[in-house]
1. Any idea what the relative contact order of the range 86-144 is, in percent, if you count C-alpha pairs under 8 Å spaced at least 6 apart?
2. Can you give the charge dipole size of the chain about its Cα centre, rounded to the nearest 20 debye, using +1 on the beta carbon of Lys and Arg and -1 on the beta carbon of Asp and Glu?
3. Among the GluC sites (Glu not before Pro) in the range 1-106, which ones are in a DSSP loop with at most 12 other Cβ atoms within 10 Å of the Cβ? Mind listing them?
4. Heavy atoms only, probe 1.4 angstrom, no DNA, RNA or ligands counted: give me K9, K176 ranked by accessible area, highest first.
5. Tell me, what is the FRET efficiency for F99 and A169 to the nearest 0.05, using R0 = 22 angstrom and their Cβ-Cβ distance as r?
6. Assuming R0 = 45 Å, can you tell me the calculated FRET efficiency for the pair E46 and S153, based on Cβ-Cβ distance, to the nearest 0.05?
7. Given the -39500 (n - 2.57) contribution per DSSP H run of 4+ residues, what per-residue ellipticity at 222 nm results for the chain, rounded to the nearest 500 deg cm²/dmol?
8. Give me the percent of accessible area attributable to carbon and sulfur for the range 86-149, probe 1.4 angstrom.
Amino acid sequence: GADLVRRAKAEGLRVTAEVMPHHLLMSDTWIEGNRELHNVNEPAGERASAGDPNTKVNPPLRTVDDTQQLLNALRDGTFDLVSTDHAPHAAPEKQGSTFEAAAFGLSGLEFALPSMLALVRAGHFTLSNMIAWLSHVPAKLWGLPTGTLAPGSPADVVVFDPNERWVVAPESLKTKSHN
């Protein structure tokens, strides 16, 4: 897909594309139970059982090489922005279900910032790049007066500590789903 977008842009076609943080950090090895994050220097999580329904997303998780190619496509401008594809599901749609029967999707909203910060810490791009891909660029593409600190624009500000470490625990999530 990235190659098609890259080619379309090279031909002068007006096309916009996005990538999700989980596709930059997670590969199909997660479906096998490996909780290693790729392209970053972060500790791996505890091993999970193979075929965990929580790893069923659309587009599907692909190879480690694909995570690297997607990261390159973000850096070279093939992808214009980063979106969360926040698709939480009630526990019955994921838990206690087989991988094949589970609903597609995961809770992406609360993980976008820490995931992207891990990529910044790993030196893949700057904090300014990350902020633009998550705020300014999407607002500009949709013609919204947000995503900037310009005088007169809405004060849509997020304050965060880029060095804060966070261990994911279901009880700490604000989303109604913990997948």
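The values are calculated or read from the model by the stated rules, or taken from the named source; none is laboratory data. Being a predicted model, the structure only gives us computed values, none of them experimental. Neighbour counts run over all protein chains shown; Cβ positions are idealised from the backbone, glycine included. To get the accessible areas, we keep the full protein, side chains included, count just its heavy atoms, and leave off ligands, DNA and RNA. Shrake-Rupley method; radii C 1.70, N 1.55, O 1.52, S 1.80 Å.
1. For the range 86-144, the relative contact order is 26 percent.
2. 360 debye
3. Of the GluC sites (Glu not before Pro), the ones in loops of the range 1-106 whose Cβ has at most 12 other Cβ atoms within 10 Å are E11, E46, E100.
4. K176, K9
5. Using R0 = 22 Å, I get an efficiency of 0.40.
6. 0.55
7. Per the formula, -7500 deg cm²/dmol.
8. It is 67 percent, rounded to a whole number.
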